[in-house]
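The values are calculated or read from the model by the stated rules, or taken from the named source; none is laboratory data. Keep in mind it's a predicted model, so treat the numbers as computed, not measured. As a convention, Cβ positions derive from the backbone with ideal geometry for all residues, glycine included, and neighbour counts pool all protein chains shown. Note: areas computed on protein heavy atoms with side chains; ligands, DNA, RNA excluded. Shrake-Rupley method; radii C 1.70, N 1.55, O 1.52, S 1.80 Å.
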Amino acid sequence: MAPSLSDVMTPDAAALAAAAGGEGRAPLAAGSADHDLFTGLTRLGDTALILGHRVSEWCGHAPILEEDIALANMALDLIGQTQLWLGLAGEVEGRGRDADALAFRRDAWDFHNLLLVERPNGDFGMTLMRQFLFDAWHLPLLKALEGSTDARIAAIAQKAGKEVAYHLERSADLVIRLGDGTEESHRRMQGALDALWGYTGEMFLGDAVDQRLAEAGVMPAPESLRAVWDQTVDQVLAEATLTRPASTFAHKGGKQGRHSEHMGHLLTTMQWLQRAYPDAKW
Amino acid sequence: MYAQMVKSEASTDDPALLAAFQARIDAGEKIEPKEWMPEAYRKTLIRQIGQHAHSEIVGQLPEGNWITRAPTLERKAILLAKVQDEAGHGLYLYCAAETLGVSRDDLTEQLLSGRMKYSSIFNYPTLTWADIGAVGWLVDGAAIMNQVPLQRTSFGPYSRAMIRICKEESFHQRQGYDLMRAMATGTAEQKAMAQDALNRFWYPSLMMFGPSDKDSIHSTQSMAWRIKINTNDELRQKFVDQTVPQAQYLGLTIPDENLKWNEEKQGWDFSEPDWSEFYEVLKGNGPCNTDRMEARQRAWRDGEWFREGLMAHARKSAARRVAAE
Amino acid sequence: MSSEWPLWEVFIRGQHGLNHRHVGSLHAPDAELAIRHARDVYTRRNEGVSIWVVPSAQITASSPSEKGPLFEPANDKVYRHPTFYDIPDEVGHM
């Protein structure tokens, strides 16, 4: 893989690196263990960041106060996880970029989050369904990461795992209740499930980077998370009286930096201040 | 303040009961929900606590406006936690009001139909990131002036809610000032944003305390009931005296040519805000009244299916449990 | 039928093993969700290790008009309080 475009083009990358003592350090070589690790960590960090961002969009607009507060807790957990994953990614890269530099100064093609988490919030049912489909994958992923050969990763996964166990408990329960609630809530939840289904497959698709990370025992192979996800999802959907879509089609590309149109707008909002005032300290 | 211009009701109760009630308040006793209280006390409190709660909820919007644009992950988390606290504070206050025999849904309907008000300050826009600092520093600073004494208010549930709120709120003003300081000591552009935010929020913050009420009968009654502890002018003066040195430390200028230290009163002389603007904002003519109300109405309306769905499920499960027994 | 969620009273036991204490109330469709809301609303600052919720409608309260008969009898039982007893200084802390 060639050095990523933003590394070459971001005008302040050099200044940032200089400030943190990483000046002159070459970009990580594609295929190297550190480059793989950096990629794997940005996949985790970016996914947490983008979902945290999406969930935070609800703040002040949720259907009832108790939910408004609960969603903010979840967004806060995800932002906290972002700081850890991207902080470690920056450390591994060794070019002086910290979590903020990675979050606010990369362009879309360098973001490696799942397409699922950049889906717009839609109605509250869509948001909850997206959360459930994600949490049902996120928890077993973190459980597997607790056994990583990289102790730093295992430590982060252990902390995040406790938070995400609660997220899953919450989102699964709400999906069940709303699926088996009123006719309208059932219809909305089924609609959300159908709309998001095509974005779930990407969670289980591995590429060469994933394969090397799995061989080194650093991160689990994506395919290995499928069975437990299927089990959780089938059980919850059954209780929710919702029908699992038959399609196996999967949208993909997010993990490799090919995103939907929504991503650019999200980043435009999120990164605006850092981009407009690159010299500022906040 | 978060509850502005709350009109008190005239009492129509038995004078002997009223006198005994007043004696309890004068003795510093707390009035609890199921105890006898004048109808006027109850109604005035519902209005005041309800307005306070509404202010917390609508107050989420101007700050929430910047959550998705916060410039660092830490600032994003801090702001999110703070706006979440506002929701919590609204919730505590609604619960306090509910002990007086009104439901939260009732209060919400009254807010959304415009029959109940919220603080005028939240009808001003947050235009730059520095505004988030100004809101924390000035708006929360002004609110705290009022809320700290209200911890000693006569109505038990209100007092307990205020104690909890004050405890949680201590970080709000500090984070605002900290943000303002980062801006005021930053680049020329950041400093300009900080000054601009102070310019726009100074007078609306002074308005939060409400017009002078030293001759108001409502205020006299509320103070006798200890649901209002200080006059608006007292609190305003205290706020100005506290804020001026803080602004000086930041190297920012308070937008008031008449601001002058008064040796005799050991406080600052300052210009009154434009009260005609205040009344226009209350009437609905502030820069953001329409947007704020629409946002709350949309959230409530769009959430109806969700609230009903969960209620329907709870009824179904309860019925299933009964059937299984 | 009203779709307003019922009101619940929330009791939390803090870190130090003291009794559950009433901390406030909230709305929830049922007990399970009330517990979850209580966790989200009332333990944002790590306040608790155990939560109880009770439907507000199920609380039976002493009537304020009985405050005299209920609590005044305890007023004159000063011997229940440790300060009632005079212990000589020489004996030390007891």
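Assorted remarks:
- With respect to chain A, whose longest principal axis is taken over its alpha-carbon atoms, helix A:151-179 is tilted by about 30°.
- In the elastic network of chain A, a GNM with C-alpha springs shorter than 10 Å, the most mobile of A:Glu202, A:Glu183, A:Glu67 is A:Glu183.
- Sites listed here are trypsin sites (Lys or Arg not before Pro) in region A:178-282 whose DSSP assignment is loop and whose Cβ has at most 10 other Cβ atoms within 10 Å, and the list is empty.
- Here the gap between B:Lys167 and B:Ala16, fully extended at 0.36 nm per residue and compared with their Cα-Cα distance, gives a gain of 50.5 nm.
- Separation of alpha-carbon centers, region B:135-159 and region B:186-202, rounded to whole Å: 27 Å
- Of all DSSP beta bridges in the protein assembly as shown, antiparallel share, percent nearest 5: 95 percent
- Label-to-label distance, nm, for residues given as C:Glu47 and B:Glu39 (7 Å Cα→Cβ offset): 3.6 nm
- Rounded, prolate or oblate (a/c below 1.5 giving rounded, otherwise prolate when a/b exceeds b/c) for region B:214-292 by Cα gyration tensor: oblate
- Residues of region C:9-30 that lose at least 30 Å² of accessible area (1.4 Å probe, protein heavy atoms only) when the other protein chains are present, relative to their chain alone, are C:Ser25, C:His27, C:Pro29, C:Asp30.
- Between B:Asn146, B:Ala161, B:Ala182, the Cα set farthest toward the positive side of the dipole of region B:118-191 (charges on each charged residue's Cβ, about the Cα centre) is that of B:Ala161.
- For region A:30-276: rounded, prolate or oblate by the Cα gyration tensor [a/c cutoff 1.5]: prolate
- Residue mean of other protein chain beta carbons inside 10 Å, C:37-47: 5
- Extreme residue, positive dipole direction of chain A, given options A:Ala103, A:Ala192, A:Val233 (C-beta unit charges): A:Ala103
- Using the Karplus relation 6.51 cos²θ - 1.76 cosθ + 1.60 with θ = phi - 60°, the per-residue 3J(HN,Hα) values for region A:67-74 come to 6, 4, 5, 5, 5, 5, 4, 5 Hz, with x marking Gly and Pro.
- Between B and A, roughly 4100 Å² of accessible area is buried in total, ligands, DNA and RNA not counted and the probe set to 1.4 Å.
- Each Lys and Arg adds +1 at its Cβ and each Asp and Glu adds -1 at its Cβ; summed about the Cα centre, the protein assembly as shown shows a dipole of about 480 debye.
- The HN-Hα couplings worked out from phi for region A:249-260 by the Karplus form 6.51 cos²θ - 1.76 cosθ + 1.60 (θ = phi - 60°) are 5, 10, 5, 9, x, x, 5, 9, x, 9, 10, 7 Hz, whole numbers, x standing for Gly and Pro.
- Residue-wise HN-Hα coupling along region B:181-189, computed from phi with Karplus coefficients 6.51, -1.76, 1.60 (Hz; x: Gly, Pro): 5, 4, 6, 5, 9, x, 5, 4, 5
- Neighbouring partner chain Cβ atoms per residue of A:231-237, average, 10 Å criterion: 0
- Shape call, region A:32-132: gyration tensor on alpha carbons, a/c limit 1.5: prolate
- Amide H within-cut-off set for B:Gly267, under 5 Å, with H built and near neighbours excluded: B:Asn262
- Region B:39-116, dipole about Cα centre (Lys/Arg Cβ +1, Asp/Glu Cβ -1), debye to the nearest 20: 180 debye
- A simple charge model with +1 on the Cβ of Lys and Arg, -1 on the Cβ of Asp and Glu and nothing else charged puts the dipole of chain B at about 1100 debye relative to its Cα centre.
- Reported to the nearest whole Å, the Cα centre-to-centre distance from region B:5-25 to region B:253-291 is 34.
- Solvent-accessible area per residue for the protein assembly as shown (1.4 angstrom probe, square angstrom): 43 Å²
- One Cα centroid belongs to region C:6-21, the other to region A:156-192; the line between them spans 26 Å.
- Label zone at A:Ala165, where the point sits 7 Å out along the Cα-to-Cβ direction: region A:68-92 residues whose backbone N lies under 13 Å: none
- Taking amide hydrogens as placed 1.01 Å from N in the peptide plane, the amide H of C:Gly24 sits under 5 Å from those of C:Val10, each at least 5 positions away in sequence or on another chain.
- Selection from A:Leu273, A:Leu178, A:Ile156, by position along the positive dipole direction of region A:30-276 (Cβ): A:Leu273
- Inter-chain Cβ neighbour count for A:169-181, averaged per residue, equals 4 (cutoff 10 Å, partner chain atoms only).
- A Förster distance of 51 Å, applied to the separation of the beta-carbon atoms of A:Glu184 and C:Met94, puts the FRET efficiency at 0.15.
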